[in-house]
Amino acid sequence: MEHPQLIALQESTITAYYQHVYGTLTEFNYSMLDTQERPSTTPIWPYTTTSGNAIQQRKVKLIQCITNITPHNPLASEKQHHVISCLQRGLAIATALVEQFSTVTKLKQLQEENIQSLLPPEKRNELTTLHSQASYVALHCLAHYLLHQLASSKYDFEQRLPSIKQLKLNSPLDSVKHFLAYLAEVINSYAKTDQCLTDVVVQASKILIGTLSTLCPTQTQNNPFFHTHYHVAKEDFSWTIFLPPHQAYRKKLLPVNFKQSHEVFGNFMAKQEIQKLAKILVCYDFKRQLNPFIALGGVHFNFMLSGIPGSGKTTLIQFLAGLVKHYCEVANYPFYFENLDINCLHPYQGQSAANANQFIQNVLNPYTIAIGCIDQADFLTGKQSPHQTAPGQHEITTALLDTLCGIRAHSKGNCVFALVSNNPDNLNPQLKQCISTHLETDKVQSSADLTKLLNHSLGDIVTKGEDTRLNPRYPSSNEDKKEQSSADLKLSDQLQMLYQETITEIGELNTLSQFGYYLHKIQQTYPQFTYRIIKQIIDAVKASCFDIALPDEWFENPLLFLHKPYEEKVNMLAELRRPFDASILLQITHSYAERILKLTSTSD
């Protein structure tokens, strides 16, 4: 796909429309006829008021609506003046872009023919389409400019604004007047203070963008204006007309559980490389649409994570996504993450390729910092031989090869493709050669890493500290006594020998550091005892602390618990939580270790 070219809007072109748009903000006539279909014989011009029989016509004075927030002061306050200035300049930029649109396309020529009644009947559909596109340009630009200038101001405005009713893309003037009339109504109804004014305008702009997404005009691909990216230097405001990835965002993406640095244990080298890559990625220059590291060379924007299941591959991807997202929030850059998984495989011929190409185009979007994760890459791509590869796998492999090392392989440095594989030997050989960096993950490397993991994960139920002594066993009821005896169940000979060896070396397991050492010793003996298994042990320990009977009164009278605030519910449940002791952790550890031992002996 051809990416839009960059065009700078001249400041003199924008300021030339100041007087015109200020008059619109001061007062304009508005009626429902403005949003309805015009008679085909009526000439249409973007910068003239609507002619015809206006019904229920009323005057809209947007500036007066804004200054009425402080009726005691006839002058606009500082915040009110800022909003008015943004509206004036946003409308001026939108008007300049509509003029550009009219020049680039045939709109201006068709309008002149229509005014002179020289427009052939066969061209009326083309005129209607161009009017629809020009209206979309004006509204879309105005909404994004208001968000660019005002969205950084955050207030405690929690009311939800009504939707925009009966918005139609008949002409730029009528569509803009419809939005300004809506804006005047919501300001009158919801903006009671200067602090709320900015948030009302921001929320109204977001509602407008959402409404436009359902009214996106057709035939945009054939419009030369589609391949244009505009930039206003004064505010560093960049905007693209019919941005193709809007279609991608219609896809419902699953939420990503982002990880922070302190939540990643082990895999030190892979973690270090990912931290470096995240910083390089956000060096992308949106004006030039190029990363400076591309010009300097030596940096690759695709990599593969491989390792046995449970070795931390998913955690590293979540860490990369969370780190890049954080940097993008600091720099106010758009961020996008998408995962290509087995759901993209389709039994119908060509559909798998379409899914893969859509994923690739979403990630390659030059107006976002993006991460594209290809999960279970060894399964999605399959072997090179067609006899060992399903048609859908072959289609996905071809699309990835074309992007990573084929004719379309051209990286701007704004995105990275991450392939995740349990067994890289099963990966398509050609695709494997296209991968620039190969990061291998392994189980958590040391007992110190495991101790940090235990300290971090169990910190809410035990006193934090690697050498903090855990509670000893203390049976307080018959159930606890039964549980105590269950901790002393007979272990297998191999695990019993390992446990006795550990006790001989470091004594009874009473601290998190001692448990970290024991878990690491199990890992060395049984490679299948992975990071994922240890996380499951921690979750089981937390669940055992809630092996309690909730009071029946809570569910008979909802006021006692069910209708209480979330924070209060958490505190009430924490009070009921059973104390955590070393025997629980030891018992669950042995249970999972025995399970791994049985699986190992069965597979052998």
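Read the figures in this text as sums done on the coordinates, not as results from a lab. Here the structure is a predicted model, which is why all the values come from computation and not from measurement. Glycine also receives a Cβ, built like all others from the backbone with ideal geometry; neighbour counts cover every protein chain displayed.
Which entries in LYS234/LYS287; LYS271/LYS313; LYS325/LYS569; LYS276/LYS313; LYS79/LYS192 show an alpha-carbon gap greater than 20 Å? As for pairs spanning more than 20 Å Cα to Cα, those are LYS325/LYS569. A straight chain from GLU553 to ASP285 at 0.36 nm per residue would run longer than the Cα-Cα distance by 90.4 nm.
Convex hull volume per residue, computed on the Cα atoms of the range 81-199, equals 109 Å³. Our Cα-only numbers for the range 522-576 put the radius of gyration and Dmax at 17.5, 53 Å.
Suppose the chain between ASN188 and GLN260 were pulled fully straight at 0.36 nm per residue; how much longer would it get relative to their current alpha carbon spacing?
Difference between extended and current length: 21.6 nm.
Between CYS405 and LYS106, the simple label model (points 7 Å from Cα in the Cβ direction) yields a spacing of 4.7 nm.
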